[in-house]
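What follows is a set of notes on a single structure, which appears directly below.
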Amino acid sequence: MAIVKEPTIKGNRLHDKDTGSADVQIALLTQRINYLTDHLKGAPKDHSSRRGLISMVSKRRRLLDYLNRTSKGRYDALIKKLSIRK
C-alpha cells in the first residue's frame with residue numbers, strides 16, 4: 001500500500017501553495033507513523049523500520065511542541081483533527 005500525500009496536504013494546508021507548514025508536516029508524519037505502526041504489527045523483527053518510526057515520532061513531537069508554543073489555536077485544532085491525543 002502506497003501512502004498518498006496529496007489529500008493530506010490539501011486537508012491541512014494554510015493557503016493554496018502551502019506544502020511545508022508545521023501543520024502539513026505533522027499530518028504527513030502522522031500518516032507515515034500510522035502506516036509503519038500497522039506494518040510493524042505484522043513484522044515484529046523489522047528493527048530498521050522500528051528505528052525509523054521512533055525518529056518520526058520524535059520529529060512529530062518537536063513540531064507539535066513548536067506549534068503549541070507559537071499558535072495554540074492551530075495546535076488544538078490539529079490535535080483534534082488528527083486525533084493524536086485523547
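Just so you know, all these numbers are worked out from the coordinates, no wet-lab data involved. Just so we're clear, the structure is a prediction, and the values are computed from it rather than from any experiment. With ideal geometry, Cβ positions are generated from the backbone for all residues, glycine too; neighbour counts draw on all protein chains shown.
The ranking of 47, 39, 15 by Cβ neighbour count inside 10 Å, starting from the fewest, reads 15, 47, 39. Of interest is the spacing of the C-alpha centroids, which for segment 9-33 and segment 56-86 amounts to 12 Å.
Largest GNM mean-square fluctuation among 69, 60, 32, using the chain with Cα springs under 10 Å: 69. Coupling constants for segment 23-30 follow from the phi torsions by the Karplus curve (6.51 cos²θ - 1.76 cosθ + 1.60, θ = phi - 60°), and in residue order they are 4, 5, 4, 5, 5, 5, 5, 4 Hz; glycine and proline get x. Each residue of segment 38-44 is assigned a 3J(HN,Hα), and the resulting list reads 5, 4, 6, 5, x, 9, x Hz, derived from the Karplus form 6.51 cos²θ - 1.76 cosθ + 1.60 (θ = phi - 60°), x at Gly and Pro.
With N denoting the number of residues in segment 4-50, provide Rg(C-alpha) divided by 2.2 N^0.38 Å, to two decimal places. Can you show the working numbers first?
Numbers: Rg = 13.3 Å, N = 47, 2.2 N^0.38 = 9.5 Å.
Relative to the 2.2 N^0.38 Å estimate, segment 4-50 comes out at 1.40.
Residues in segment 66-75 carry Karplus couplings, in order, of 4, 5, 5, 5, 8, 8, 4, x, 5, 4 Hz; the curve used is 6.51 cos²θ - 1.76 cosθ + 1.60 with θ = phi - 60°, and Gly or Pro positions show x. The calculated 222 nm mean residue ellipticity attributable to helices in the chain amounts to -24000 deg cm²/dmol, summing -39500 (n - 2.57) over DSSP H runs of n ≥ 4 and dividing by all residues.
Considering only the Cα atoms of the chain, their convex hull presents on average a projected area of 6.1 nm².
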